[in-house]
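Input: a single structure, listed below in structure tokens.
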Amino acid sequence: MKSLDAFAEEKLAKLEAQSLKRALRPTARYAGAHVERDGRRLISFSCNDYLGLAQDERLIAAGQAALARYGAGAAASRLVTGDHPLLSELEAKLAAFKKAEAAVVFGSGYLANVGIVPALAEASDLVLLDSLCHSCMAAGARLSGARVLRFKHNDMSDLRHILEAQRSRFRRVLILTERVFSMDGDRAPEVELLALAALFDAWTLIDDAHGIGVITPEAYAPLEMGTLSKALGSYGGYVCASAPVADLLRNQARSFVYSTGLPPASVAAAIEALKIVEAEPERCARPLALARRLTRALNLPEAQSTIVPFIVGDAARALALSQTLETQGFLVVAIRPPTVPDGTARLRIAVSAAHSEADVDALSAALKEAAPDLLERAP
Ligand SMILES: *Cc1c(COP(=O)(O)O)cnc(C)c1O
């Protein structure tokens with residue numbers, strides 16, 4: 001189709017002109033935060049494998065055993081024949097970990113959010129979204145058909161104003177936020193937010209994608225979702241909730257009902273990861289300590305999580321800086337709009353338990369050399 005190709009080419013040319021075109025770069029991952037690209041070994045500061053568990057031999061062995069015993073795929077939705085017994089073991093572990101009554105495992109974190117929100121909110125309801133919420137929370141909110149309003153990032157007085165002005169006009173209100181914001185690494189004021197929600201009889205869903213395993217929550221929300229694919233080193237999504245809410249989601253979250261269950265190997269690996277998280281608190285504390293080592297060295301605001309944003313501003317410069325670091329053996333991917341707001345292109349540095357102190361020190365030295373002007377600007 002000529003018009004279809006022309007449509008695609010025109011859109012791509014526009015992205016290219018703005019330094020916003022993205023491209024896949026085949027990247028093999030190995031132990032010790034090492035990756036291989038274009039035949040070169042690099043130390044990755046761009047993986048979300050915060051505990052180094054994706055390469056852990058215990059997860060690999062658990063996955064291999066499940067693969068050999070149960071096969072490669074789940075073969076159906078969980079409500080048909082895809083509800084492998086390993087899933088209830090994983091859900092029991094997740095619920096216990098989050099001090100919740102129940103957990104529901106989804107195909108991915110993205111699928112969890114686009115399923116949960118529409119199952120809980122509809123046209124007569126209001127969904128309030130932190131302005132920096134992940135794309136899949138916004139997608140879930142839009143899909144629900146509810147009125148969607150954004151509050152200023154982590155701004156509880158803005159949230160309060162919106163609730164004061166809007167609460168009485170809607171039957172139900174659902175507030176969406178993240179425990180750790182994926183591109184900024186800062187944390188939601190969860191205690192304050194939950195108190196505000198209670199005051200206005202609003203429900204809260206916290207996306208814990210970047211928290212589980214590496215950040216200790218100050219408080220748990222009635223709805224806690226996340227992914228098995230970051231610190232837990234496997235694949236899949238989940239939500240923890242009360243028993244009736246979990247049961248409702250199993251019935252009404254479309255991305256749960258109409259999508260195939262996780263492969264048994266992913267489930268087995270996630271179970272093993274949760275066992276390791278419980279047994280090895282030193283491992284779980286390590287990435288945050290390393291992130292703080294990095295922010296101290298660069299004189300940046302103290303890291304609140306394993307994610308350190310190095311704000312560059314201009315998208316083309318962020319790309320160039322990323323390329324400079326790559327020639328020095330570091331993989332630090334540039335994050336550009338629309339993933340982050342215009343004018344805030346950045347290097348998103350993700351620190352892992354698999355890094356050594358020397359890895360972190362080498363990266364901070366390279367950044368000081370490559371972008372001294374950006375560091376002077378830092379507080
Ligand atoms: C990665 C991420 C997700 C999606 O999880 P997947 O399992 O990768 O689909 C959801 N929310 C946030 C905040 C994330 O960073």
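The values are calculated or read from the model by the stated rules, or taken from the named source; none is laboratory data. Everything numeric in this text was worked out from a predicted model, so none of it was measured. Virtual Cβ from ideal backbone geometry, glycine too; neighbours counted across all protein chains shown. Remember, those area values only see protein heavy atoms, side chains included, never the ligands or the DNA or RNA. Shrake-Rupley method; radii C 1.70, N 1.55, O 1.52, S 1.80 Å.
Observations on the model:
- Across the range 101-159, Cα-Cα distances exceeding 19 Å account for 34% of all pairs.
- Among SER182, SER157, ALA146 - extreme Cα towards positive end, dipole of the range 144-195, charges at beta-carbon: ALA146
- Here the range 10-57 and the range 306-379 have alpha carbon centers that stand 14 Å from each other.
- Applying D = kT/(6 pi eta Rh) to the chain, where Rh is the Kirkwood radius over alpha-carbon pairs, T corresponds to 4 °C and eta to 1.567 mPa s, the Stokes-Einstein value obtained is 59 µm²/s.
- Just checking the listed ones, PRO281, PRO263, PRO222: in the Gaussian network model of the chain with Cα springs under 10 Å, the one fluctuating most is PRO281.
- GNM flexibility winner over the chain from PRO287, PRO85, PRO337 (Cα, springs under 10 Å): PRO85
- With contacts taken as Cα pairs under 8 Å at a separation of at least 6 residues, the range 176-323 carries a relative contact order of 22 percent.
- Residue separation of ARG40 and ASN299 scaled by 0.36 nm, minus their Cα-Cα distance, works out to 90.2 nm of gained length.
- Residue list for the range 53-77, given a label point 7 angstrom along the Cα-to-Cβ vector of GLU89 and an amide N cut-off under 17 Å: 58-74
- Structure-based [θ]222 nm, the chain - -39500 (n - 2.57) summed over DSSP H runs of at least 4, per residue, nearest 500: -13500 deg cm²/dmol
- Length-normalised contact order of the range 1-95 in % [C-alpha pairs under 8 Å, at least 6 apart]: 11 percent
- Set of lysines with alpha-carbon distance to LYS11 below 22 Å, sequence-local pairs under 8 removed: LYS2, LYS21
- Accessible surface, the range 248-379, averaged per residue in Å² (probe 1.4 Å): 42 Å²
- Separation between Cα centres of the range 114-172 and the range 223-262, rounded to whole Å: 20 Å
- Put simply, the Cα atoms of the range 1-54 extend 47, 20, 19 Å along their principal axes, the longest span coming first.
- Two-site FRET efficiency, ASN251 against LEU199, from Cβ-Cβ distance with R₀ of 25 Å, rounded to 0.05: 0.25
- The slack between ARG172 and ALA139, meaning 0.36 nm per residue of separation minus the straight C-alpha distance, is 10.0 nm.
- Pairs beyond 22 Å (Cα-Cα), from LYS230/LYS275; LYS93/LYS230; LYS230/LYS368; LYS99/LYS275: LYS230/LYS368
- Against the compact-protein benchmark of 2.2 N^0.38 Å, the Cα-based radius of gyration of the range 311-379 scales to 1.10.
- Value of Rg to Rh for the range 107-262, rounded to two decimals, is 0.94; Kirkwood radius and Rg both from alpha-carbon coordinates.
- The length gained on full extension between GLU192 and LEU24, counted as 0.36 nm times the residue separation minus their Cα-Cα distance, comes to 56.4 nm.
- Among 301-312, 56-67, the peptide with the highest mean count of other Cβ atoms within 10 Å heads the list, and the full ranking is 301-312, 56-67.
- Radius ratio Rg over Rh of the range 42-129, counting only Cα atoms, Kirkwood formula for Rh: 1.04
- Overall, the chain carries a charge dipole of about 620 debye about its Cα centre when +1 sits on the Cβ of Lys and Arg and -1 on the Cβ of Asp and Glu, all other atoms neutral.
- Between the listed residues ALA265, VAL214, TRP203, the Cα displaced farthest toward the positive end of the dipole of the range 188-311, a dipole computed from Cβ unit charges relative to the Cα centre, is found at ALA265.
- Accessible surface of the chain [probe 1.4 Å, protein heavy atoms]: carbon and sulfur percent: 54 percent
- Relative contact order of the chain, defined on C-alpha pairs under 8 angstrom at six or more residues apart (%): 23 percent
- Distance between modelled label sites at GLU16 and ALA75, nm, 7 Å Cα→Cβ extension: 4.8 nm
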